[in-house]
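In what follows, a structure is listed as structure tokens, so that the remarks can point back to it.
Any read-out appearing in this document is the output of simple, stated calculations on the displayed coordinates, not a laboratory observation. Note that this is a predicted model, so its numbers are computed, not measured. Glycine gets a Cβ as well: all are built from the backbone with ideal geometry, and neighbour counts include every protein chain shown.
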Amino acid sequence: MMTLWLDQVLEDVRYALRSLRRAPLFVLTVLTIVALGTGVSAGLFGVVHHLLVQPFPVPGHERVALFTDRAANRGEVRGGTSVARFLAYRRGSTQLERLEAYTYDDAVLEGRDGSEWLIAARATPGLFGAMGVRPRAGRDLNAADAVDGAPAVALVSERFARAHAEPAGAIVGRTLRVDGTPTLVVGIVPTVGELPVGTDFWRPLTLPADAPRDDRPLLGVARLRAGATMAAARAELQAIARDESAKYPATESDVKLELQPIAAGIQDPISPTFERISSAAVLLMLLVVAANLAGLQLARGAVRRREWALRAAIGGTPARLSRQSMIESLILTGVGGVIAWWVAGATIGAVLASVPPTVTRFIPGWSAVGVDGTLLAAVVGVALATGVAFGWAPALAAARAPAALALRGAGPGTLGAVHARSRSGLVIAEVALSLALLVGGVLMLDGFRRMQGTSLGFEPKGVLTFQVNLRGPAYADPSTRVAYHERLLERLSAQPGVEGAAMMSRLPSSGNASTLPVEPEGAQRPADQGLRATPRIVTPRAFDVLRLPVVHGRAVTTSDDGSAPDVALVNESLAARAWPGLDPVGRRLTVGTRAVTVVGVVKDVKRNWYERDIASMVYLPDAQWGAASMQVLLRAQAGRDPSLLAAPARRALAALDPLVPAQRVIPLEDYLAEATSGLHVGATVMSWLGVFALLLAGLGLHALIAYHVAQRAPEFGVRMALGAQRGDILALVFREGWRLVLVGLAIGVPIAAGLGAVMTATLFGVVRPDLVALAGVLLMLAAAVVVALAAPAWHASRMDPVQVLRRD
């Protein structure tokens, strides 16, 4: 019995191969749809899966969590934990196997050719063990390394090892001079285990028991015990946190603990929203693929209905016919799936290549993105699903139709008309879904463009930026730091090609969200409703260099020095919150513990690109505050590349103090691109989905009209024999195609509008409705429709009516 069944299956395979050889255009079209649609969808799913679902694929990552303390009413988006609270969590937890911490740091590597700033961190010796990460070479930090007076040691990244040693492993065992101290490199951290992401240099973190409780620099990493749940661990730590807040209400009454899986903890707040939107977009893309395949199968079924009806009439059962059709479909989708596997890898490679390394360095999980078992399962699963779903339906429908009806041919009310309506409905669905995907992609691209353009509220183009940190005894006094800043700006302003030079402690839209309490003079507010603002220390000309408008009052000037009364500027949002309906200029404001006079109002800019609301901000003169860390801003003269100012800037710093290096010397546009890296990837994924959906919709429309023209050839022959001109036939085919497209647009516009509304509401103001962009989408669709209809319409208009009628 089994042998007979296998013989029948082999016979069906041979029949399917013969049948497919007789339809090369159909085969090519299906393979293209499966390969492009499935491959691109699977590839983009692979990117989303790694970056959003599993961005930290270390061993046992499901048991690893990040925790921190956050004071939401202070405006904190990301908080930190004090040493005292961290030690309390470590002592009191029973649900956690390990509890470790890290903190951001910076370091200066001294060399023969000058100094180099490093992106660094301090880590407790068990940090990487808690994450399940082992050094690529050498050893991990241990408890003896974190003891006061122990020899200085460090771990380095693979990136650092490649840049500073050949071969890379040779860096282990070398002694580097870092911050004036000989430091032994003991190991290399694998790229997948970098925490914080993008760090190059890790030194041991000590935990002094007498550290102040109001200093919260630590971020915690926990590994759950076997059998423990995230919910139980969170409840336990929150109970400890409440006890600590009750004991120390002066500094911790509003501090709340947050614990979440590491995959969520290392992402920015926008990632979960984008995960849902991108998943929906991939699903829409697969629906477009499904509609295409269904339409092609129905079209081919309509062409072959006489064949199927004849085979049914001579004894073919519906089960046998549907099996033959399914085998044919599985062969097609199987071959298409193999090609799709290659397309998926190429798609991932193209996405990886589309984002520069300066951006991807700081994207969690980027190094792990690639073709893997998950992606293979996605490709195989989608290919099999499409093969099974659309393999049996056309043949089964034809086999069950009355043989005489099918053999008579198409006509009103026949099987051909039923299939024609089904195919038309599928094309309408393709157009509607493609419109929605295109709208989503264009809105994301437009949001990314605005996050880097003039709509930010300032002009980043043409500006070079780098950071300067003044540390150590030589710069302990604020007046010494101010003097250094003034001398540096004087040197930089004199460089050829520099239009203006200034400094700001943190750049607008840079991601920093630290705040200070601010109290407007005469304000009567409950203690729990106090105002907080993000401080920015600025030098004169900072607003001119950034082209950030001062909308009222004046900017900081050279007269605002240490001998003058303390002054400040506020942004529009802080002015409205502190003095609603009043002129803030001339009014007093307490910032932290210092009282200042407001002398101007600055245009609102976003503190973080993903925040929904504009945060309150206060700008303070550097000459009165003396910041240790400042971001230098150099605006190049019109038409000059700001990157050309990098070398002269480095020379100017080296001349002032060779131990103060420039940190991350890059154009401001690139700096902001790093801050919006998540949006960049999101815009790339959404735009690719939209473009390929448009391509598939055009391909599906072309195939349908081509089949439509082939079936109606006798009708066109009669029309032309009765006097119809070629232009009439051309117009008839275009009119038929446009009728379907317009119905699809009528359905797709509400879907696209709904998607746009969801994106506008959930992507924190990044996405905004744009009529010009939407008009561009419609033009793209119109162009695709014209291209899709052109060939079959031209073919129909060039038919010889005599030959057509004779053949029929």
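Considering only alpha-carbon pairs that sit under 8 angstrom and 6 or more positions apart, the relative contact order computed for segment 147-286 is 18 percent. Extension gain for Ala791-Thr229 works out to 196.2 nm (0.36 nm per residue, less the C-alpha to C-alpha distance).
Can you tell me the length gained on complete extension of the stretch Arg588 to Ala346, counting 0.36 nm per residue apart and subtracting the Cα distance?
On the way: separation 242, 0.36 × 242 = 87.12 nm, distance 6.02 nm.
Contour length minus Cα-Cα distance gives 81.1 nm.
If you bin all the Cα-Cα distances of segment 93-149 at 5 Å, starting from zero, the percentages per bin are 4, 14, 17, 21, 20, 12, 6, 2, 1, 1, 0.
Mind ordering 325-331, 501-507, 235-241 by average Cβ neighbours within 10 Å, highest first?
Values: 325-331: 22.1, 501-507: 23.7, 235-241: 17.6.
Order by mean packing, descending: 501-507, 325-331, 235-241.
Comparing Gly92, Pro57, Gly114 along the charge dipole axis of segment 54-135, the residue lying farthest to the positive side is Gly92, per the Cβ-charge model. To the nearest 0.05, what FRET efficiency results for Ser479 and Ala654 with a Förster distance of 41 Å applied to their C-beta separation? In this case the efficiency is close to 0.95.
Packing-wise, with mean Cβ within 10 Å as the measure, how do 214-220, 351-357, 431-437 rank, highest first?
Working: 214-220: 20.1, 351-357: 13.1, 431-437: 28.7.
Packing order, densest peptide first, comes out as 431-437, 214-220, 351-357.
Counting only lysines at least 8 places from Lys461 when in the same chain, those with an alpha carbon closer than 20 Å to its own are Lys603, Lys606. Segment Arg547..Ile751, full-extension length gain: 69.5 nm, with 0.36 nm per residue of separation and the alpha-carbon distance subtracted. Sorting the segments 145-151, 551-557, 493-499 by their residues' average number of neighbouring beta-carbon atoms within 10 angstrom, most packed first, yields 551-557, 493-499, 145-151.
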